Number of protein chains: 2
Amino acid sequence: MASLIDPTTAESGSGTRAGNRALSVMDRVREAILGGAVGAGERLNEVQLSKTLSVSRTPVRAALQALAGEGLLDYAPNRGFTVREFPLPAIVDAYDIRAALEGVAVRFVAERGLGPQEKEIIERALAAGDKLLERGSFEAGDLTIYRDINGDFHDGLLAAAQNRMLSEMIRICHHVPVSSSRNIVVFEYHDVRRRHDDHHRIFEAVVAREPWRAEMLMREHVASIKTSLVGYLSERRKDHPGEASTVTLA
Amino acid sequence: MASLIDPTTAESGSGTRAGNRALSVMDRVREAILGGAVGAGERLNEVQLSKTLSVSRTPVRAALQALAGEGLLDYAPNRGFTVREFPLPAIVDAYDIRAALEGVAVRFVAERGLGPQEKEIIERALAAGDKLLERGSFEAGDLTIYRDINGDFHDGLLAAAQNRMLSEMIRICHHVPVSSSRNIVVFEYHDVRRRHDDHHRIFEAVVAREPWRAEMLMREHVASIKTSLVGYLSERRKDHPGEASTVTLA
DNA sequence: TTCGTGTAAAGTGTATACACATTTATGAAT
DNA sequence: ATTCATAAATGTGTATACACTTTACACGAA
């Protein structure tokens, strides 16, 4: 792991989160893990980390414990923290779990109804997607833009569910290290079009107060990512047999 | 909160978990929270806790942070830890969430198949239930026995799913403070009979490798607890309007 | 009385020293 | 050479001191 993050970025006096070095350490270490800088199974040395980040062991330990709570690290007494391993099957399963959870979330929203400003946020995301897609094809960077729109839609719905447990569990699903390095989906325009259409239908079902239809649509919507993923992976494996599986996200 | 736990039980030298006071502190505090000894929203004072438990603040902080990771505590920078509030709607929702998660778990098992000794554990739980129920009625304590059998069945299936994320999320659902104090279900013999019958069907679906049927049955099985719960609560509210809602578990 | 300000008290955040466990290295006996 | 015991070194666990933030309280002005 060596440098984790170059200490020059440390800006000694002012951590990113004021008044709490532990939290900023947490962000940096998480970043390092999700970015693949530390590698699964690797052990995190407290003194080394504290030297690298120019803080004492205390906030480092706090950060590591918090990250263990997020499920990113494992802890063993008298042996410290290690980066949790996420074998490919577990990563794939995480999509099924997220599908189930987001399904429950939209069901809740459809059951309880959507507040006016919650509704507006989601409608804005839908409109933004409509606008982006109306051109009929994608240019460079459009996919990244849609990624944000997609996030807004899902986050908006999740916020509307007003359930902390659900939010946190789904957040954990999102934090699964999607393979070793950072990578953007390879979705065609067609795929995004379909996914955006899903969004519209889900929203309609919610507004129409059809809880189970909304849940079913959302489940299928999220689970389909898994399908694309395994398809992409098995294809890629044929082409480049030995290559480490670099993976998509959505 | 006053005493949390009487310090006489502290047995200074040997914590319950050897070599790690933080873990034993964690257990005690969790126990205190789940047992209702500390009350929702209440703030946990680190120095007071450390004095009560005869340890320094360091392991106390570690324990609190870990419990925050479990979702039992809230943390605010420079303001410490408070017992998380679980309003009744959140408790009820937790059953829906657990239903969805356990549904996914059995689907996984049904998809992947059940190992021989996993199968035996579950069959043993089923047989134990059969034996307990064959008498045709319940005596005192039988319900508690069935509670364990029920736990074995669900735990066995969950273990067979071999998915850590699922296990931890379901564990969190179980750790929701079921109202303020500890309490046992008021299930009739008839209800337990039905629930045990559900178990048999779920097991059959798993063995027959029918993933979606298994999932559906499990979802309904767990969600029905919620239904009983709200029914029980609304009835009890009629009888004893002012009373604090003491709640069931399963 | 009410509001605002300043100061004291209480409580959390961090650094550091040391105790203890684990791991690795060393060396002697087989 | 291999194996086991033992000791050094590496690393985590805990206690404690102090810095900083928040909170509570008292005092004075409007």
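Considering only residues that are basic (K, R), under 17 Å from B:L23 (Cα atoms) and more than 13 Å from chain A (Cβ to nearest Cβ), which ones fall in the range B:36-60? Give the derivation first.
Within the range B:36-60, the first condition is being basic (K, R), and the residues that meet it are B:43, B:51, B:57.
Then keep just the ones that are under 17 Å from B:L23 (Cα atoms); that gives B:51, B:57.
Of everything in the range B:36-60, just one residue is basic (K, R), under 17 Å from B:L23 (Cα atoms) and more than 13 Å from chain A (Cβ to nearest Cβ), namely B:K51.
For residues that are in contact with an Asp or Glu (Cβ under 7 Å, 6 or more places away or on another chain) and farther than 19 Å from B:R201 by Cβ, tally how many sit in the range B:122-140.
0
If I ask for residues that are of a type in the set (G, A, S), more than 19 Å from the chain's Cα centre (by Cα) and surrounded by 15 or more Cβ atoms within 10 Å (Cβ to Cβ), which ones from the range A:189-229 would you list?
Answer for the range A:189-229, where residues must be of a type in the set (G, A, S), more than 19 Å from the chain's Cα centre (by Cα) and surrounded by 15 or more Cβ atoms within 10 Å (Cβ to Cβ): A:A205, A:A214.
Identify the single condition in (1) surrounded by 16 or more Cβ atoms within 10 Å (Cβ to Cβ); (2) in a helix (DSSP H, G or I); (3) more than 14 Å from DNA strand D (Cβ to nearest atom) that A:Q117 does not satisfy, given that it satisfies every other one.
Every condition holds for A:Q117 apart from (1).
Count, please, the residues in the range B:131-164 that happen to be surrounded by 15 or more Cβ atoms within 10 Å (Cβ to Cβ), over 21 Å from the mean Cα position of the chain (by Cα) and in a helix (DSSP H, G or I).
Residues of the range B:131-164 that are surrounded by 15 or more Cβ atoms within 10 Å (Cβ to Cβ), as a first pass: B:132-133, B:138, B:142-143, B:146-147, B:149-150, B:152-164.
In the following step, the residues that additionally are over 21 Å from the mean Cα position of the chain (by Cα) were identified as B:132-133, B:138.
Imposing the further condition that a residue be in a helix (DSSP H, G or I) reduces the set to B:132-133.
Of the residues in that region, 2 qualify.
Being of a type in the set (G, A, S), in contact (Cβ under 8 Å) with a residue 40 or more places away in the chain and over 16 Å from B:R193 (Cα atoms) is the filter here, so list the residues in the range B:109-162 that pass it.
B:A110, B:G113, B:G115, B:A159, B:A160, B:A161, listed by residue number.
Give the range B:61-85 a look and list any residue that's facing chain A (nearest Cβ under 9 Å) and either part of a loop (DSSP other than H, G, I, E, B) or over 15 Å from A:Q65 (Cα atoms) (or both), or say none.
Listed by number, the residues that qualify are B:G71, B:P77, B:N78, B:R84.
I'd like to check something: does the range A:196-213 contain any residue that is among the acidic types (D, E) and not in a helix (DSSP H, G or I)? Let's see the steps before the verdict.
Start the filter on the range A:196-213 by keeping residues that are among the acidic types (D, E), which leaves A:197-198, A:204, A:210.
Restricting the remaining residues to those that are not in a helix (DSSP H, G or I) gives A:210.
Taking every residue of the range A:196-213 in turn, at least one turns out to be among the acidic types (D, E) and not in a helix (DSSP H, G or I).
Here's the yes/no breakdown for (1) touching a residue at least 24 places away in the same chain (Cβ under 8 Å); (2) within 14 Å of DNA strand C (Cβ to nearest atom):
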| position | (1), (2) |
| --- | --- |
| A:L34 | yes, no |
| A:G39 | yes, no |
| A:Q48 | no, yes |
| A:K51 | no, yes |
| A:A62 | yes, yes |
| A:E70 | yes, no |
| A:R84 | yes, no |
| A:D93 | no, no |
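In the list B:R107, B:R28, which residue meets the criterion of being within 11 Å of chain A (Cβ to nearest Cβ) and basic (K, R)?
B:R107
Can you say whether A:I97 is facing chain B (nearest Cβ under 10 Å) and either within 17 Å of A:I172 (Cβ to Cβ) or touching a strand residue (DSSP E or B) at 6+ places or on another chain (Cβ under 7 Å) (or both), as far as the supplied structure shows?
In short, yes.
Would you be able to say whether some residue in the range A:169-179 is modelled with pLDDT of 95 or more, within 26 Å of A:V83 (Cβ to Cβ) and of a type in the set (A, V, I, L, M)?
Yes; the residues of the range A:169-179 include at least one that is modelled with pLDDT of 95 or more, within 26 Å of A:V83 (Cβ to Cβ) and of a type in the set (A, V, I, L, M).
Quick one: is A:A128 assigned to a helix (DSSP H, G or I), modelled with pLDDT of 95 or more and more than 10 Å from every other protein chain (Cβ to nearest Cβ)?
For A:A128, the condition - assigned to a helix (DSSP H, G or I), modelled with pLDDT of 95 or more and more than 10 Å from every other protein chain (Cβ to nearest Cβ) - is met.
Only one of A:R219, A:R237 is modelled with pLDDT of 65 or more and either part of a helix (DSSP H, G or I) or β-branched (V, I, T) (or both); which?
That would be A:R219, the only listed residue that is modelled with pLDDT of 65 or more and either part of a helix (DSSP H, G or I) or β-branched (V, I, T) (or both).
Inside the range A:41-59, can you point out the residues that are away from DNA strand D (no atom under 13 Å from the Cβ), in contact with a Ser or Thr (Cβ under 7 Å, 6 or more places away or on another chain) and modelled with pLDDT of 95 or more?
Residue satisfying the conditions is A:S54 alone.
Select from the range B:19-40 the residues that are within 16 Å of DNA strand D (Cβ to nearest atom) and among the aliphatic types (A, V, I, L, M) and write down the one among them that is modelled with the lowest pLDDT.
B:A22
For the range A:74-99, what are the residues that are closer than 28 Å to B:A62 by Cα and either within 16 Å of DNA strand D (Cβ to nearest atom) or β-branched (V, I, T) (or both)?
A:D74, A:Y75, A:A76, A:P77, A:N78, A:R79, A:G80, A:F81, A:T82, A:V83, A:R84
The values are calculated or read from the model by the stated rules, or taken from the named source; none is laboratory data. This is a predicted model, so every value here is computed, not measured. Glycine gets a Cβ as well: all are built from the backbone with ideal geometry, and neighbour counts include every protein chain shown.
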